[in-house]
Structure formats: structure tokens, C-alpha cells
Amino acid sequence: MGCCYSICHKDSDPQDNVPNERTHLLEVPEQHHETPSPTTCASTPPRKPDEQSALNRILHDTATNVIDVGALGPYSLEANAYSERVRAYTARAAAAVLPLPIPAKLIADVPPAASKVILNGPPPDFADKELITNAVKKAAAAISELRVEHHEDLVVPFRVPVA
Amino acid sequence: MEKDLDKVVEEIMLTPNVTGCIFADHQGLCLASKGTAHVDSAGILVAISEQACKLQPNLKPPTVCLETDDKVCLIQRHGTITGGIFKQK
């Protein structure tokens, strides 16, 4: 009978602070009873006034710093302003002294007069010609003698002892 | 295995007034270089020699001589090997 009695008095007991067998041992906030589970609800933390104002401040700062180019609208110069700018820029460009690029010349054309003198000059040394001809002949012979000297085996079997 | 080639190069370098020596194969790969001859010049020396050979294809490869005021570069091909010697005039 005691058990039945406690069920009957369920509604009136939460108003009093008398602890009974129905009193919650842990103080659980009311709203958690309403949400079925924390994972199914949207990820919105409980909005405290500080966070909300901070978010608003960040939003406001970004909005003032952002330049929306698309929303600026068509921009056009007037004819006289355009021509004045052209004049100013060409004057500045003419005044600016650009460093001359250093021409890297390995070979330069000799003027025809000088080239005639050079071409009519003495031919290269015969001794030099002999030198290079003999040298390259000997080198070609030496290179044809190139052989691979076989000292050791390239492929060596791994002798792993089988236990 | 390149001992013979090294001997030839040494012999050439001992010649008076020779400052550099280089040998390359038909594709411009430098096989040996010594002295003032730069390894990277092998390709261009082979190219110069090839173009010179085209002047008279029926004759044997000509000797190319590049002269400055005080130096001279001799290039000659023999078979597939092209050699270059740099020397003082």
C-alpha cells in the first residue's frame, strides 16, 4: 500500500522540497528532458549573450573590411580625365631612364673590310692540324679498346639456411 | 677501363702551349676533358664539327679552327669520336 500511495502523490511532491524516493539525486537541467539525444539536434551551443555579441562584432568587422567588387557598379572615366592620364603617364615613362640591357656578345660580325683581311691572312698552322688529327686518332683507338673488367659476379644468390 | 684514353689525354696536355683537351662521342657525351676545356662544351663542339662536315660531305671530316687574338680551338672528328684541343697561339 505504501508503494501505491507514493505513485498517487507524484504530482504534488515536486512543489515541496521534501526529499523522497522520487527526488533526483543529480540536478539535471529541465531542457535536457525535452531533447531526445544530443547528437540528433543541430550543433548550436547554448547562446550566451557574450558569444552572440562576439559573433556580431566579428560579422560587423568583416563586413566593413570586405570590398564587394561586384556590387560597385560600372566605373568609367570621362574623356578629358582619360586623355589627361594618358598624357601624364607618357610623360612619366619618357622621363624614366631604363637601364640598358647589357648585350651578351660571344660572336660579333666583323665588318667586310676587316673580314677580307682576315680571310686573306695566313691559314692555321699545319702543325696544329697534325696535332689535332693525331690526337683524335689515338683517342678513337683508345676508346675502341674500352672493355668492362669483370672482377666479381654481379648477381649473387642469397644462401639463406632453411631451418 | 679508361686508362688508355687517360694516357692519350695526358700526352696531349704535355704538348707545349696546350691548355685544354676534350673528347666526345657522336651524341655529344663528354668522354674525357682536361684543363681549360669545359665538360659542357662537348655538345657544342660535336655540333660544330657535324655542321662543318656538311660543307663537303664527300671529303673526310675537316678540321675546324676557332681563333681569337691569342688562343685557338681545334676540332676534328675521326669516326664517331670528336676531339677538341685548346691552345695558346
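Do we have residue A:145 as within 14 Å of chain B (Cβ to nearest Cβ), within 30 Å of residue B:2 (Cα to Cα) and charged (D, E, K, R) here?
It is true that residue A:145 is within 14 Å of chain B (Cβ to nearest Cβ), within 30 Å of residue B:2 (Cα to Cα) and charged (D, E, K, R).
Consider residue B:49 against the criteria (1) within 24 Å of residue A:118 (Cβ to Cβ); (2) touching a strand residue (DSSP E or B) at 6+ places or on another chain (Cβ under 6 Å); (3) modelled with pLDDT under 95; (4) more than 9 Å from chain A (Cβ to nearest Cβ): it satisfies all of them except one. Which criterion is unmet?
Result: residue B:49 fails condition (3) only.
Between A:88, A:93, which is surrounded by 10 or more Cβ atoms within 10 Å (Cβ to Cβ) and either under 53 Å from the mean Cα position of the chain (by Cα) or within 30 Å of residue B:24 (Cβ to Cβ) (or both)? It would help to see each step written out before you state the result.
Numbers: A:93 fails: surrounded by 10 or more Cβ atoms within 10 Å (Cβ to Cβ).
Checking each option against the conditions leaves just A:88.
Select from the stretch B:26-35 the residues that are surrounded by 15 or more Cβ atoms within 10 Å (Cβ to Cβ) and assigned to a loop (DSSP other than H, G, I, E, B) and list them in ascending order.
Of the stretch B:26-35, the ones surrounded by 15 or more Cβ atoms within 10 Å (Cβ to Cβ) are B:28, B:30-35.
Matches in the stretch B:26-35: B:28 only.
Residue by residue, here is whether (1) closer than 27 Å to residue A:148 by Cα; (2) out of contact with any helix residue (DSSP H, G or I) (no Cβ under 8 Å at 6 or more places or on another chain); (3) not aliphatic (A, V, I, L, M) holds:
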{"site": "B:3", "(1), (2), (3)": "yes, yes, yes"}
{"site": "B:10", "(1), (2), (3)": "yes, yes, yes"}
{"site": "B:27", "(1), (2), (3)": "yes, no, yes"}
{"site": "B:39", "(1), (2), (3)": "yes, yes, no"}
{"site": "B:65", "(1), (2), (3)": "no, no, yes"}
{"site": "B:88", "(1), (2), (3)": "no, yes, yes"}
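Among the residues of the stretch A:123-141, are any more than 29 Å from residue B:15 (Cα to Cα) and hydroxyl-bearing (Ser, Thr, Tyr)?
Of all residues in the stretch A:123-141, those more than 29 Å from residue B:15 (Cα to Cα) come to none.
The answer is no; no qualifying residue exists.
Return the pairs, sorted by first residue and then second, in which the second residue is assigned to a strand (DSSP E or B) and basic (Lys, Arg), the first residue lies in the stretch B:21-35 and is free of Cβ contacts under 8 Å to residues at least 40 places away in the same chain, the beta carbons are less than 8 Å apart, and the residues are 6+ apart or on different chains.
none
Just to be sure I understand, how many residues within the stretch B:65-89 are more than 8 Å from every other protein chain (Cβ to nearest Cβ), of a type in the set (Lys, Arg) and within 14 Å of the chain's Cα centre (by Cα)?
Looking only at that region, the number is 0.
Which one of the conditions (1) surrounded by 11 or more Cβ atoms within 10 Å (Cβ to Cβ); (2) over 56 Å from the mean Cα position of the chain (by Cα); (3) not in a loop (DSSP other than H, G, I, E, B) does residue A:113 fail to meet, given that it meets all the rest?
Failed condition: (1).
The values are calculated or read from the model by the stated rules, or taken from the named source; none is laboratory data. Keep in mind it's a predicted model, so treat the numbers as computed, not measured. As a convention, Cβ positions derive from the backbone with ideal geometry for all residues, glycine included, and neighbour counts pool all protein chains shown.
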